[in-house]
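Structure record follows, encoded as structure tokens.
The values are calculated or read from the model by the stated rules, or taken from the named source; none is laboratory data. Computed from a predicted structure; not experimentally measured. FYI the Cβ positions are ideal-geometry reconstructions off the backbone, even for glycines, and counts take in every protein chain you see.
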Amino acid sequence: MNYAVQTYIDAMTQGKIKDLPEVLENDVKFTVTQGQNIVNFSKNQMLAALKGSENMQQNCKTNFTVVEQNDAQSIVKVSMIYDMFTRINYVTISNTDKGWKITNVSTVFN
């Protein structure tokens, strides 16, 4: 589980996307709340979007907290703290037959 979380954080904050596909479940769902709208992205859509920021360092402080954890699933809150706002990602990681994989990411902005 720790590898999946760190790989996700590295991809989002440092643009290190090379290893991200291996920790994403094929049917992973990404949702982003934008005001009153919720926008959904597939694995391929998210990876394509991240290509544009490959190897780019985000100007934010990052921390994470395990919200819930058991043998089958974990929910991790990843906070990316910028000067004017905070991006909060709730990352669900499931223990699959291929190891710990990210199955859902819900993003909100504060």
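Every listed requirement among (1) among the polar types (S, T, N, Q); (2) at pLDDT 95 or above; (3) closer than 14 Å to T7 by Cα is met by N40 save one, (3).
Among the residues making up region 57-67, a single one is loosely packed, with under 10 Cβ neighbours inside 10 Å and touching a strand residue (DSSP E or B) at 6+ places or on another chain (Cβ under 9 Å): T65.
Which of the residues spanning region 13-66 are of a type in the set (S, T, Y) and touching a Gly at 6+ places or on another chain (Cβ under 7 Å)? Hit for region 13-66 is S53, nothing else. Scanning region 76-109 for residues that are closer than 13 Å to T33 by Cα, of a type outside the set (F, W, Y) and touching a Lys or Arg at 6+ places or on another chain (Cβ under 7 Å) yields a count of 2. V39 meets the stated requirement of being aliphatic (A, V, I, L, M) and without any contact (Cβ under 8 Å) to a residue 40 or more places away in the chain.
Within region 13-36, the only residue that satisfies the criterion of being touching a residue at least 40 places away in the same chain (Cβ under 8 Å) and among the basic types (K, R) is K29. Selection of region 70-99 for residues being of a type outside the set (S, T, N, Q), under 22 Å from Q14 (Cβ atoms) and part of a strand (DSSP E or B) yields V76, K77, V78, M80, I81, R87, I88, Y90, V91, I93. Which of the residues spanning region 74-95 are hydroxyl-bearing (S, T, Y) and touching a Ser or Thr at 6+ places or on another chain (Cβ under 8 Å)? Listed by number, the residues that qualify are S74, S79, T86, Y90, T92, S94. In a residue-by-residue description of region 32-40, the property of being buried (at least 17 other Cβ atoms within 10 Å of the Cβ) and under 18 Å from K101 (Cβ atoms) applies to no position.
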